1. Between B:ARG360 and residues 5 or more places away or on another chain, which pairs have amide H atoms under 5 Å apart, with H built 1.01 Å from N, and which residues are they?
2. Viscosity 1.306 mPa s, temperature 10 °C: give me the Stokes-Einstein translational D for region A:2-178 in µm²/s, with Rh taken as the Kirkwood radius over C-alpha pairs.
3. Could you give the dipole magnitude of chain B about its Cα centre, charging the beta-carbon of Lys and Arg +1 and that of Asp and Glu -1, in debye to the nearest 20?
4. To the nearest 0.05, how large is the calculated FRET efficiency for B:TRP139 and B:ILE69 if R₀ is 22 Å and r is the Cβ-Cβ distance?
5. At B:ARG357 and B:GLU255, where each label point lies 7 Å from the Cα along Cα→Cβ, what is the point-to-point distance in nanometres?
6. What is region B:209-270 by shape, rounded, prolate or oblate, if you read a ≥ b ≥ c off the alpha carbon gyration tensor as root eigenvalues and call it rounded for a/c under 1.5, prolate for a/b larger than b/c, and oblate otherwise?
7. If I fit a long axis through the Cα atoms of helix B:45-57 and take the longest principal axis of the Cα atoms of chain B, what angle between them do I get, 0 to 90°, rounded to 10?
8. Taking 0.36 nm per intervening residue step and subtracting the Cα-Cα distance, what contour gain separates B:ASN220 from B:THR240 on full extension?
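The values are calculated or read from the model by the stated rules, or taken from the named source; none is laboratory data. Predicted, not measured: the structure shown is a model, and the values here were computed from it. Positions of Cβ are generated from backbone atoms using ideal geometry, with glycine treated the same way; all protein chains shown enter the neighbour counts. Side chains included, ligands, DNA and RNA excluded: accessible areas come from the protein's heavy atoms. Shrake-Rupley method; radii C 1.70, N 1.55, O 1.52, S 1.80 Å.
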Amino acid sequence: MEIRLGGTGGQGLILSAKMLADALARGGRRVAQSQTYEPTSRGGFCHSDLVVSHVEVDYPLATAIDYLVLLDRIALKPSLPLAKPGALVIADTRLCPELPEGKYTGCSLALSRTAIDLGSERVTNIVALGALVALTGVCERAALERAVRADTPRSFLDLNLEALEAGFRLGTEQSVRRVASPAPA
Amino acid sequence: MSIATVAVEPAASNLRLLSGNHACALGAIAAGCRFFAGYPITPSSEIAERLSRELPRVDGVFIQMEDEIASIAAVIGASMGGAKAMTATSGPGFSLKQENLGYAALAEIPCVIVNVMRGGPSTGMPTRPAQGDIMQARWGSHGDFPVIVLAPGSVREIYEETIRAFALAETYRTPVTVLYDQSIAQLLETVELKQPGAPVERKWASGPPEKYQPYAPLDNGVPAMARPGDGYRSHTTGLTHAENGFPTQTPEVVERNIGRLLGKLERHRAAIESFQTLRCEDADVVVVAVGISARAAGSAVAACRAKGIRAGMFRPITLWPFPEEALRRAASGARAVLVPEMNAGQMRLEVERVLGRDVRIEGLHKISGDPIDPAAITARIEALCI
């Protein structure tokens, strides 16, 4: 199983991928989490990928992505060609509003809008993690929450936990919609 | 970004999620490293960051120096003082360390240098992986000098090879470079770390002080070092020196001492060499690769075998001295050899030197800052089989 969190530098993609890797590892899965970023501390194409397996990971970099999260349109062009046919692509409604046609299941969610409403756009990454896990069940929600708690500074903990819960809700609501209407965009 | 350690559920309780650079720092501590001097540079900085926390816990010393040259100078001094010492760097930093690396080789000061390869030349691409320092790691300092370079291919192996680097440095009194690329340095993997053995100690001078000669070799070709405070008179210089440690330009003395220095590692090649062979026994095509490119090659070999194509892989873990005989054996039945590497063709030159013209040798080179995809290697293996 391969997962990519893609966006732009400064969105906390590497940190959130590490949290997800923690959650998966806590569940006994073998994980390889890689990262690509620009030398600047903000901006530029940035992504962090997970290759997850029950046995030791052979090639640790992503080549055929099952779950793709796009938090900025900059990640669209370089990432979409790596999505497997039938992959789930979650895109932020504000920062990556247009998903081209393709052999994948697109899912636009108000990730950054939700984070802004919670008080800080900086927690968009955590909202996205919650939504991803609620939609896909790649790991237990409780395991993810433990990982978020472990990797969050105390001053950000309450906000991150709210963001995670909001992400879980967004993902769950979307799942319900997908079941009700089996022809997603 | 700091990387925390995660212990996973009891079912797999020996597994930890670690980055390559974190594993390097833990390996150094396990090997007995108690001194680190460095200057932060992407993508090696996490090693320094981690050791700045770990070393004080074991009564070790961490110093952030003013630059890379001073860092390796401090490491050499600390080692002469009796500590197991290491520095870590990348790209331009490795270039800056070359003069003192040669000094450590000539003065036979054990030390470990980690070089995390990033895109070059010059400042290059700080956050992108490359394998462009393969030849620099061997020949970067001036003159003829012996050096050991280890090229781990996974997070677990970075831990193990860092420990081995210290053991080799101490045993043979030589600088040892641990060489890996950004992909693996900043990769987090679930790993199970082996319990390390006791740290290896260098041979200290013993016997009557008046008979001690700092560069007179023991039976194994390696001289014993004088531990400061033990009462042995020692002299260390970057000038070509005689057995007594003092400079000389007397041809026969130079010939004898530099000859011994250059032969020192050759003599122990069997103990220093390390490599992995994967399904080479009946392979039509043998892929020779290190680091992240070897991870891709291993995947490509599996894909080829699934299609009935007889592919194999030879992976030097000790990159220098290059495991020549082992490669000749691994490629003895091959019709072709493919060398995928993230440079313009460096290890390919060595493979050509070792295998000569008896077998077709091709390179698969990438200098874009992107790793080589397993599918690209698979396609080239298939093309070589036609």
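1. Amide H to amide H, under 5 Å and 5 or more residues apart or across chains, B:ARG360 pairs with B:VAL337.
2. Diffusion coefficient, whole number: 100 µm²/s.
3. Here the size comes out at about 460 debye.
4. About 0.70, to the nearest 0.05.
5. 3.4
6. It is oblate, given that a/c is not under 1.5 and a/b is not larger than b/c.
7. Long axis of B:45-57 versus the principal axis of chain B: about 50 degrees.
8. Using 0.36 nm per residue and subtracting the Cα-Cα distance, I get 5.1 nm.
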